[in-house]
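Let me begin by presenting the structure, written as structure tokens, before commenting on it.
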Amino acid sequence: MNAAAHQSPRARRWEPRYTEDVMSAAAKEIIEAALKLDPTERAHVAQELLESIAGDANGGLDAEWIKELEQRARDIEEGRTDFVSWPEARKEIESSLRRSR
């Protein structure tokens, strides 16, 4: 059995997903390192990266979306956010979709 088969689902989730065709090796290393941080630290990193985008670009984000992202980051920093696992979130989404049909 290969090494990936012995890893937990969480460990496999953080395996590299990017190729050199998509981004540089340096960017890939930064993302891989950032994904190992806890959610609060990742939110800080994401916020800093968004704020670093200069000029009109804002990464294609409009002012309302930036405001929403900033509010979400504050909610995380201040402990007002509960995190759920992907399986739990998926279950809630599927249940909501079934109820709406």
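When only residues in segment 74-101 that are under 24 Å from R42 (Cα atoms) and polar (S, T, N, Q) count, which is surrounded by the most Cβ atoms within 10 Å (Cβ to Cβ)? This residue is T81. In this structure, T81 does satisfy being of a type in the set (S, T, N, Q), assigned to a loop (DSSP other than H, G, I, E, B) and at pLDDT 85 or above. Of all residues in segment 10-37, count the ones that are at pLDDT 85 or above, among the charged types (D, E, K, R) and outside any helix (DSSP H, G or I). Residues that pass the stated criteria total 1.
The values are calculated or read from the model by the stated rules, or taken from the named source; none is laboratory data. Keep in mind that what you see is a predicted model, and the values were worked out from it rather than measured. Reconstructed Cβ throughout: ideal geometry from the backbone, glycine too, with neighbour counts over all protein chains shown.
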